[in-house]
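Data block below; observations after.
The values are calculated or read from the model by the stated rules, or taken from the named source; none is laboratory data. Values in this document were obtained by computation on a predicted structure and should not be read as measured data. Please note: Cβ atoms are built from the backbone with ideal geometry, for glycine as well, and neighbour counts cover all protein chains shown. Just the protein is used for accessible areas: all its heavy atoms, side chains included, with ligands, DNA and RNA removed. Shrake-Rupley method; radii C 1.70, N 1.55, O 1.52, S 1.80 Å.
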2 protein chains.
Amino acid sequence: MLLRDGRGLKHVVVREYVRELVAGSAPGSPAPSERELVTQFGVARMTVRQALDALVAEGLLERIPGRGTFVARPRREPTRITGFTEEMSRRGLLAESQTLVARREQAGPGVARALNLTEGDAVIHWRRLRRGDAVPVCLEDNYLNEILLPGFLQSGMPTSLYDALSARGLRPTWAEDSISADVATAEEADLLEIEPATVVLRHSRRGMVGDKIVNVSRSVYRADRFTLWLQLGDDAD
Amino acid sequence: MLLRDGRGLKHVVVREYVRELVAGSAPGSPAPSERELVTQFGVARMTVRQALDALVAEGLLERIPGRGTFVARPRREPTRITGFTEEMSRRGLLAESQTLVARREQAGPGVARALNLTEGDAVIHWRRLRRGDAVPVCLEDNYLNEILLPGFLQSGMPTSLYDALSARGLRPTWAEDSISADVATAEEADLLEIEPATVVLRHSRRGMVGDKIVNVSRSVYRADRFTLWLQLGDDAD
DNA sequence: TAGTGGTCTAGACCACGAA
DNA sequence: TCGTGGTCTAGACCACTAA
């Protein structure tokens, strides 16, 4: 079903027409009325409603009974699942990255459990020292399920892990995170250019898309250089 | 419009009938077919579709063209915005709370900005020492916009702030959080029963419902007793 | 082939908002 | 009063799945 090109479906035609029509309009601007669209496209009103229903559901439009249909104010969006590169650029800092380890390894017990693999299964281990505006900010270990990412190590390491995962349709849309405060080990302190036993923020993440567990990351941040910002919830009042 | 009791609307009748019918069914169980419901309720098929559309949108049902309509597997849900009490009970710990301060104050510059008030405006300041299974875990300062919560201090302090806000229709559905690692001040260390300058996790939150900023909290957690757990994203693959 | 959901029509009446 | 969105009808044809 639905092998016809989307442009052939009338409700899709109307939907995309309205979407482009209101693109860039200020919140509160009126959209065409349903009966206007009926005459304009020569379709039934139910078809127009189906088109508008979709735009209302995605938060672009808002219906007010007795008044009309209007451009909705943009919804607030919860924090997306991003990596260091995007996070730094959001803060207006230049993200740099130095790969310390990039190799195939056998999963240890913790990584195996987190990736839902068996101990000893092959995983990709990628360790990077992350800088923001040239200052060491974060030491990040990523473990990837090699079965999901054949040839990943051979294809040359990308700048942004999440961009590389996106290209393979494996960008996590869901994550389980844990965040704690701790002190740096000697090795961490050395790489982050801080004194041993200095306060750090630890952040572990399990990234998933659908039912697939894509990666596990363990990051340690300099507490004097990094605060985690989050937006939670949704605007469904 | 819609002053008729919801039970009078046919698509609502059908929707709630189906909702109760499939309540408790295993994911993958078949729901009644659209045409079955048409004959059963004596309504048009568009009406049945409207009813089922709502259940599909909320993730209860799933349509598979050519096969039928089925109970969907429950969606994963991002971490809700909760407070200490719910968080502890989720971990199977007994949450206790000792109020140290509960009074009306004038907002300082930081609190005023966070609550979008003017410096010197009245705010409710509520400071509590929070214990999990009798061990001090967290010192929490809450600042509430008094205009939104008239008589809050007089009504007796509740166990759970979020429960009390729910009762007034002011439970935050949206929050902006910041999380950092730090060391305890002398006062914090004393109350949390740790050594001064011990590592702690700081968590600030601005809680909102709609456009209203309800509260600002600043919590300091013993790092040896608390790790923050989060689930981010949604299951819209 | 029979049954399913997806799309679509050409109407209708209702409650509400604004003029 | 007129225009709006909300609800509802009684059909229709299509593409797909499963027997």
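Tabulate in residue order the Karplus-calculated ³J(HN,Hα) for segment B:199-205, using 6.51 cos²θ - 1.76 cosθ + 1.60 with θ = phi - 60°, rounded to whole Hz; enter x for Gly and Pro. Once θ is set to phi - 60°, the couplings for segment B:199-205 become 6, 9, 9, 9, 9, 10, 9 Hz. Remark: label point of B:Thr118 defined 7 Å out from Cα along the Cα-Cβ vector; separations to the same position in other copies 7.1 nm, ascending. Other residues whose C-beta falls under 15 angstrom from the C-beta of B:Glu146 contribute a net charge of +1, scoring Lys and Arg +1 and Asp and Glu -1.
When you restrict to C-alpha pairs under 8 Å that are six or more residues apart and normalise by the size of segment A:41-153, the relative contact order lands at 17 percent. Could you name the residue in chain A with the C-beta closest to the rotation axis that superposes chain A on chain B, along with the separation in whole Å? Taking the axis that maps A onto B, the answer comes out as A:Ala181, 2. The B-A contact accounts for roughly 3200 square angstrom of buried accessible surface, both chains included, probe 1.4 angstrom. Other residues whose C-beta falls under 13 angstrom from the C-beta of A:Gly42 contribute a net charge of +2, scoring Lys and Arg +1 and Asp and Glu -1. The residues of segment A:9-71 have, on average, 56 Å² of accessible surface per residue, using a 1.4 Å probe with all protein chains present. Note that segment B:147-155 has calculated 3J(HN,Hα) couplings of 4, 7, 10, x, x, 5, 5, 6, 7 Hz, one per residue in order, obtained from phi through the Karplus relation 6.51 cos²θ - 1.76 cosθ + 1.60 (θ = phi - 60°); glycine and proline are x. Relative contact order for chain B: 15 percent, from Cα pairs under 8 Å spaced at least 6 residues apart, divided by residue count.
Site pair A:Ala197 and A:Tyr17 shows an inter-label distance of 7.3 nm when each label is modelled 7 Å from Cα along Cα→Cβ. The value of relative contact order for segment A:84-222, using C-alpha pairs under 8 Å at least six residues apart, is 22 percent. For the protein assembly as shown, the square roots of the Cα gyration tensor eigenvalues, ordered a ≥ b ≥ c, give a/c of at least 1.5 with a/b no greater than b/c, which places it in the oblate category. The chymotrypsin sites (Phe, Trp or Tyr not before Pro) of segment B:138-237 include none that DSSP puts in a loop with a beta carbon having at most 11 other beta carbons within 10 Å. Placing a label point 7 Å from the Cα of B:Lys212 along the Cα-to-Cβ direction, the distances to the matching points in the other copies come to 4.5 nm, shortest first.
Amide H contacts of A:Ala72: A:Gly28, A:Leu61, A:Glu62, each under 5 Å away and 5 or more positions distant or on a separate chain (H built 1.01 Å from N in the peptide plane; Pro and chain starts excluded). Restriction of the chymotrypsin sites (Phe, Trp or Tyr not before Pro) in segment A:1-96 to DSSP coil positions whose beta-carbon has at most 14 other beta-carbons within 10 angstrom yields no sites. Separation of segment B:152-229 and segment A:112-128, taken as the distance between their Cα centroids, equals 35 angstrom.
Loop-located trypsin sites (Lys or Arg not before Pro) in segment B:58-112 (DSSP state not H, G, I, E or B) with no more than 10 neighbouring Cβ atoms inside 10 Å: B:Arg67. Each other copy places its own label point for B:Asp224 at 2.5 nm from this one, sorted shortest first, where the point lies 7 Å along the Cα-to-beta carbon line.
Converting phi to 3J(HN,Hα) with the Karplus coefficients 6.51, -1.76 and 1.60 and the offset θ = phi - 60°, segment A:130-144 yields 10, 10, x, 6, 6, 9, x, 10, 8, 10, 10, 10, 10, 10, 10 Hz in sequence order, with x at every glycine or proline.
Residues within the reach of a label modelled at B:Lys10 (point 7 angstrom out along Cα to beta-carbon, backbone nitrogen below 12 Å), restricted to segment B:18-61, are B:38-51. Ratio of Rg to Rh for chain A: 1.12 [Cα atoms; Kirkwood radius as inverse mean 1/r over pairs].
For chain A, a Gaussian network of Cα nodes joined below 10 Å ranks A:Gly210, A:Gly28, A:Gly108 by mean-square fluctuation, and the top entry is A:Gly28.
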